[in-house]
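As structure tokens, the structure follows; a few thoughts come after it.
Bear in mind that the values in this text are calculations on the coordinates, not laboratory data. Because the structure is predicted, anything quoted here is derived from the model rather than measured. A quick note on method: Cβ atoms are made from the backbone with ideal geometry, for glycine too, and the neighbour counts reach across all protein chains shown.
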């Protein structure tokens, strides 16, 4: 197993302390969760609907911004340069920063899963997918932070966080933003929210003849299929492709600027 | 230990450094004196390789990780306490766990002050914390940008004493200041910088003698006025 270097541990501890001393990410996640509970109480809808909505905002917008914020702070206080002079390699710095923000993201996702009522296999799917998407967002935040344009994080975060919500209102928009990993979070969350409430049953697909998993809802006209197989697989594939693209950008920024962007 | 030869640097059309030559020997305290905008910080940035000179050579004959730097407000996180601020570099330099507290005590920030967030410190305490960060790993070369600029006279004197002590341990100190008295008392050699040029360089007392500026007390400000026609 890869052992983190002392420099990575030092950076991790500093960023982790910053997470605790300036808990913007955790507080925002808490505030949104409370808002979700209030909305659910007054609307009579299941809390999982709101967990989905706010999860997209946290993963798409807040994680990216928080990560870039740490790097911007390290740069503005000259610490990036001091660390570089002290022999901290860019990859060690990035690994420490990634680990600290990702740890906070894992904790937040876990709390959302519990409050959202995702138990058993649903929790595995929820956590597996949100952690994967969180990793992409944190890596994107680091990439933006290393670049010469960290201020771009705000509009990019807005796009990543809000586009999936706007897209939900219009099919054409949904198609346009379909290849964005944060929209996939919403799709999986919707799928999970339905899964949390409805029965899953097997039926034989009319087209391919295979046995597939469906989620059904009793309606006046019979049984409506709310979500078919493939949502999760497609979401994972799209998120992984997004992840590879972000990784490519990260490698480019890392090589071009290191800690001196 | 530190050498700059024929350094030229311009930003857009403005010449900031115009043929700088200087040399600092091992174990010396060397001060760069000059008013704001004279080019002092640009010299530090070139020495530490944060920016490149347009031409000329600049070098410090130790590794980058053996240089301690104290900038006006750089290197500190205001939301972390004094110990946490130093802990980051103590870990990077693999220092004993007791080292941050030792250094904080040496700059007068021991005890309860060590647990205060940097944002809660007075300007003078903040500057001492920045100095503590710079000397934490006993660097061979210490570069200080206006180390006593915001300090009251008493604290400034204690910082000067601390710098003398650090020098006794063999550290070469390169500092910038516009406090002529401080340079006179503290430094082995000084360079007077004005509009990107070094107008005089040497032992501060000898410079004052040469320009008949000793009078009752040596007066470097008088030398600066004579050399540049400008008051500090």
Legend entry - Residue-averaged beta-carbon neighbours from other chains (10 angstrom radius) around A:12-18: 4
Inset, instruction - Return B:160, B:82, A:109 ranked ascending by Cβ neighbour count within 10 Å, so the fewest neighbours appear first. - result: B:160, A:109, B:82
Legend entry - DSSP bridge pairs, chain B: antiparallel proportion in percent, nearest 5: 50 percent
Inset, instruction - Please give the average number of partner chain Cβ atoms lying within 10 Å of the Cβ of each residue in B:45-51, rounded to a whole number. - result: 2
Inset, instruction - Specify whether the C-alpha gyration tensor of chain B places it in the rounded, prolate or oblate class, a ≥ b ≥ c being the square roots of the eigenvalues: rounded for a/c under 1.5, otherwise prolate if a/b is larger than b/c and oblate if not. - result: prolate
Legend entry - Mean separation of Cα contacts under 8 Å, 6 or more apart, over the residue count of the stretch B:127-232: relative contact order %: 19 percent
Legend entry - Most to least packed among A:171-179, A:112-120, A:157-165, A:64-72 [average Cβ atoms within 10 Å]: A:64-72, A:157-165, A:112-120, A:171-179
Legend entry - Spatial separation of Cα centroids for the stretch B:1-42 and the stretch A:101-144, in angstrom: 52 Å
Inset, instruction - List B:113, B:54, B:188 from most exposed to least, where exposure is judged by having the fewest other Cβ atoms within 10 Å. - result: B:54, B:188, B:113
Legend entry - DSSP bridge pairs, the protein assembly as shown: antiparallel proportion in percent, nearest 5: 60 percent
Legend entry - In nm, spacing of pseudo-spin labels at residue B:152 and residue B:97 (7 Å Cα→C-beta vector): 3.6 nm
Legend entry - Computed helical MRE - 222 nm, chain B, DSSP H runs ≥ 4 contributing -39500 (n - 2.57), nearest 500: -10000 deg cm²/dmol
Inset, instruction - Please average, across the residues of B:20-29, the number of beta carbons from any other chain that are within 10 Å of each residue's own beta carbon, and give a whole number. - result: 0
Legend entry - residue B:225-residue B:165 pseudo-label distance in nm [points 7 Å out on the Cα-to-Cβ vector]: 3.6 nm
Legend entry - D (Stokes-Einstein, µm²/s), Kirkwood Cα radius, the stretch A:1-147, 0.890 mPa s at 25 °C: 153 µm²/s
Legend entry - Full-extension gain in nm, residue B:116 to residue B:23, via 0.36 nm per residue minus C-alpha separation: 29.5 nm
Inset, instruction - Starting from the Cα gyration tensor of the stretch B:80-165, take the square roots of the eigenvalues, sort them a ≥ b ≥ c, and report rounded, prolate or oblate (rounded when a/c is under 1.5, otherwise prolate if a/b is larger than b/c, else oblate). - result: oblate
Inset, instruction - State whether the stretch B:130-216 is rounded, prolate or oblate according to the following rule on the C-alpha gyration tensor (a ≥ b ≥ c being the square roots of its eigenvalues): a/c under 1.5 gives rounded; otherwise a/b larger than b/c gives prolate, and the remaining case gives oblate. - result: prolate
Legend entry - Computed E for residue B:123/residue A:43 - FRET, C-beta separation, R0 41 angstrom, nearest 0.05: 0.20
Inset, instruction - Provide the FRET efficiency to the nearest 0.05 for the residue B:12-residue B:57 pair, computing r from the beta carbons and using R0 = 22 Å. - result: 0.40
Legend entry - For the stretch B:158-205 versus the stretch A:1-40, the gap between their alpha-carbon centres in whole angstrom: 45 Å
Legend entry - Residues residue B:195 and residue A:114, FRET efficiency given R0 of 60 Å [Cβ-Cβ distance, rounded to 0.05]: 0.35
Legend entry - D (Stokes-Einstein, µm²/s), Kirkwood Cα radius, the protein assembly as shown, 1.306 mPa s at 10 °C: 61 µm²/s
Inset, instruction - Work out, step by step, the length gained on full extension between residue A:165 and residue A:26: first 0.36 nm times the residue separation, then minus their alpha carbon distance; give nm to one decimal. - result: 47.8 nm
Inset, instruction - Please report the relative contact order for the stretch B:1-77, taking Cα pairs under 8 Å with a sequence separation of at least 6, and give it as a percent rounded to a whole number. - result: 37 percent
Inset, instruction - Arrange B:128, B:91 by Cβ neighbour counts within 10 Å, fewest through most, would you? - result: B:91, B:128
